[in-house]
1. Can you pull a Stokes-Einstein diffusion coefficient for the range 15-156 at 20 °C (1.002 mPa s), Rh from Kirkwood over Cα pairs, as a whole number of µm²/s?
2. For Lys120, Lys131, what's the largest-to-smallest order of accessible area, 1.4 Å probe?
3. Running a GNM on the chain with Cα contacts under 10 Å, which residue among Glu118, Glu157, Glu69 ends up with the highest mean-square fluctuation?
4. Given the options Ser64, Ser14, Ser80, which has the most mean-square fluctuation in a GNM of the chain, springs set between C-alpha atoms less than 10 angstrom apart?
5. Going by alpha carbons, how many degrees (0 to 90, nearest 10) lie between the helix axis of 65-83 and the longest principal axis of the chain?
6. Which angle between 0 and 90 degrees, to the nearest 10, do you get for helix 134-148 versus the longest principal axis of the chain when only C-alpha atoms count?
7. Take Val42, Val92 and sort them by solvent-accessible surface of the protein heavy atoms, 1.4 Å probe, largest at the top.
8. Please find the FRET efficiency linking Arg16 to Asp101, where r is the Cβ-Cβ separation and R0 is fixed at 30 Å, and quote it to the nearest 0.05.
Amino acid sequence: MVETRQVSNFGVISLRISQQPGLRDALATFIRYRHLFNDSVVMLLEDAGNAVIIRQEVTLGVPSRQATELAMGVVFRMCSALLGVNWQPLSVNFTHNAPTDLQIHRRLFGCPLEFNSEFKGIVCLAADLDKPNPNSVSREVRGAIYLMLPMGRTTCEAVAQRLGMSHAA
């Protein structure tokens, strides 16, 4: 089920999530508006030095392996959608035992998996949460170009300066 999930599956809030300047802002939006798409999953961002733990908990009735893995996979897919397919967290952690076949888990997450962990969550570099969302940046660049084009001042340097970016970046 997780492999088919997209950010658009979050309903009306999906546009707001996908247009956030970075993953940290997208996750904060997800946390703030979770009641609009699933109030049985709670999430917390925990800073841990150079890493951040995206902790998750399913609060609906008796916790099940399926519900936990689905919730973790959905958030993982959202992070991947915003950071790109090359994003790789440090680990994905589950409190339950590992299944006998990890093929699907390895294909979906593509990073170290920790079972029988003390927490449920995704561990990633703090710097990953602050990388710019390529969707947001391209929208801002396009907007700057539209505004500057009639004035005849649309250069790479001018657009970068307008957006507060270094033209060397």
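1. Rounded to a whole number, D works out at 129 µm²/s.
2. I get Lys131, Lys120, largest accessible area first.
3. Maximum fluctuation in the GNM of the chain, among the listed residues, is at Glu157.
4. The residue that fluctuates most here is Ser64.
5. Around 20 degrees separate the two axes.
6. For helix 134-148, the angle is close to 20 degrees.
7. In descending accessible area the options line up as Val42, Val92.
8. 0.20
The values are calculated or read from the model by the stated rules, or taken from the named source; none is laboratory data. Everything numeric in this text was worked out from a predicted model, so none of it was measured. Positions of Cβ are generated from backbone atoms using ideal geometry, with glycine treated the same way; all protein chains shown enter the neighbour counts. These area figures cover heavy atoms from the full protein model, side chains too; ligands, DNA and RNA do not enter into them. Shrake-Rupley method; radii C 1.70, N 1.55, O 1.52, S 1.80 Å.
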